[in-house]
Amino acid sequence: MKRILYILIAAISIGSLLFSCDAVEDRESLPAVTLTPSTLKFSVTQNTTNKNIVILKNEDPTVIPYWRYVDGNGNELGHSNKGDDQVTFPFAGKYTVYFTAYTRGGSVDAAPVTVDVAENDETYFSDPKWQMLTNGVTGKTWVLDFIDPIGWAGLDYPYNPTGSDYWNWFPDYASNSWVMPSKDWGEMHFDLNGGYNTSVKQTAISSTAQTSKTGTYGFDIANNKLAFNGGVEMLYGGDYYADCAVWNSVKVVELTATSLRLAVIRNQSRTGEGVCLIVFHYKPKP
């Protein structure tokens, strides 16, 4: 009995030694944050020939930069973690750029930088896809198209046809009504009335209750991406919400004047299915 007691005491003593030192030493080894808001090295400047273009530059390679920018009403317009980046503010108005420097010891926030844009950049919206999505200042509202409201595709679809994950299946609803109940799932609105304005009215999965959210959006035409800001998320139908971690940054799969397909990544399937795109199909609201 004494022998067993000695073994237990020894085990407890060794365990105490193992867990009593390392965490403290790790904390003490982190360097103190020596930077202050006034000593951060970065710049926010407007392009000399086009004042709507703002250049963001981190001038300290020892920190990890993080930028975010809002309009005059405080609406979030976007963010970036690039050391050298630029953003276009096509609408006249006041904007605020926030810069945070991350170091091993912590983070330091710089004083916000205000940017004044004197006039609209009319050439920025010359790409016809802006008109297709938003109908300009007037705005455009999209609803699910129940000819084929949902489909699935590989991550390479549709812009990398030589990729290893290039495939799609867009079933017709008439033969595949199991994909979701036929009901009013809500609507999604975009316009360019003095800003990137969006609103989404979403119907609950198991009832007719609806919630509405308004915010802003970012449309990256070159990379076929659409981002919702301010807590707004993409309109969807059916019981798919829990299968995808992100609903505010989506892929533009198709855009014409009469058809819009947006995709989220299924990356946490509740039934163990693989990673793929879930593609929702919309049409202009009648």
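Please go through the residue pairs LYS201/LYS285; LYS251/LYS283; LYS129/LYS283; LYS57/LYS213 and name each one whose alpha carbons sit more than 24 Å apart in this structure. It would help to have the intermediate numbers written out before the result.
Numbers: LYS201/LYS285 13 Å; LYS251/LYS283 17 Å; LYS129/LYS283 15 Å; LYS57/LYS213 33 Å.
With Cα atoms farther than 24 Å apart: LYS57/LYS213.
Region 124-274: Rg/Rh from Cα coordinates, Kirkwood Rh?
Reported Rg/Rh, Kirkwood definition of Rh: 0.95.
Which one is right for this structure if percent of Cα pairs over 26 Å apart is calculated from it: [x] 45; [y] 54; [z] 58?
Computed from these coordinates, percent of Cα pairs over 26 Å apart corresponds to label [z].
List the chymotrypsin sites (Phe, Trp or Tyr not before Pro) within region 167-223 that fall in a DSSP loop (any state other than H, G, I, E or B) and whose Cβ has at most 16 other Cβ atoms within 10 Å.
Those that pass, being in a loop and sparsely packed, are TRP167.
Note down the nm distance, to one decimal, between modelled labels 7 Å out along Cα→Cβ at ASN267 and at THR45.
Going by the 7 Å Cα→Cβ label model, 3.6 nm.
Determine the relative contact order of the chain: mean sequence separation of Cα pairs under 8 Å and six or more apart, normalised by residue count, in whole percent.
13
Between the DSSP loop rule and a limit of at most 11 other Cβ atoms within 10 Å, which trypsin sites (Lys or Arg not before Pro) in region 187-286 are left? If you can, show how the numbers build up before the last one.
On the way: sites: LYS201, LYS213, LYS225, LYS251, ARG261, ARG266, ARG270; in loops: ARG270.
Within region 187-286, the qualifying trypsin sites (Lys or Arg not before Pro) (loop, at most 11 other Cβ atoms within 10 Å) are ARG270.
Pairing the Cα long axis of helix 2-20 with the longest principal axis of the chain, what angle in degrees results, from 0 to 90 and rounded to the nearest 10?
Compared with the principal axis, the helix lies near 50 degrees.
Counting pairs of alpha carbon atoms under 8 Å apart in space and at least six apart in sequence, what relative contact order in percent does region 172-269 give?
Reported as a whole number, the value is 19 percent.
For the chain, the longest stretch holding no GluC sites (Glu not before Pro) located in a DSSP loop with at most 12 other Cβ atoms within 10 Å is which? Can you show the working numbers first?
Values: sites that count: GLU59, GLU119, GLU273.
The reported range is 120-272.
Given region 151-194, report the % of alpha carbon pairs whose separation exceeds 13 Å.
Summing the P(r) of region 151-194 above 13 Å gives 69 percent of all pairs.
Considering the options LEU235, ASN176, ALA263, tell which one lies farthest towards the positive end of the dipole of region 165-263, charges being +1 on Lys and Arg and -1 on Asp and Glu at the Cβ, about the Cα centre.
LEU235
Could you check how much of the accessible area of region 194-265 is carbon and sulfur, as a whole percent, using a 1.4 Å probe?
Of the solvent-accessible surface of region 194-265, carbon and sulfur hold 52 percent.
So, with +1 on the Cβ of K and R and -1 on the Cβ of D and E, and no other charges, what is the size of the charge dipole of the chain about its Cα centre, to the nearest 20 debye?
Its charge dipole is roughly 580 debye.
Based on the Cβ-Cβ distance of GLU122 and ASN81, what FRET efficiency does E = 1/(1 + (r/R0)^6) give at R0 = 25 Å, to the nearest 0.05?
0.25
How much accessible surface does ILE205 have with a 1.4 Å probe, in Å² rounded to 10?
70
In whole percent, how big is the carbon plus sulfur part of the accessible area of region 70-186, probe 1.4 Å, protein atoms only?
48
Rounded to the nearest 10 Å², what accessible area does ASP116 show when all protein chains are kept and the probe is 1.4 Å?
Rounded to the nearest 10, the figure is 80 Å².
Skip the ligands, DNA and RNA, and give the accessible area per residue of region 136-199 with a 1.4 Å probe, whole Å².
Details: 3060 Å² over 64 residues.
Result: 48 Å² of accessible area for each residue.
The values are calculated or read from the model by the stated rules, or taken from the named source; none is laboratory data. Predicted model only: the values in this text are computed from it and were never measured. Every residue, glycine among them, receives a Cβ derived from its backbone with ideal geometry; neighbour counts consider all protein chains shown. Ligands, DNA and RNA are stripped out before the accessible areas are found, and what is left, the full protein with its side chains, is counted by its heavy atoms. Shrake-Rupley method; radii C 1.70, N 1.55, O 1.52, S 1.80 Å.
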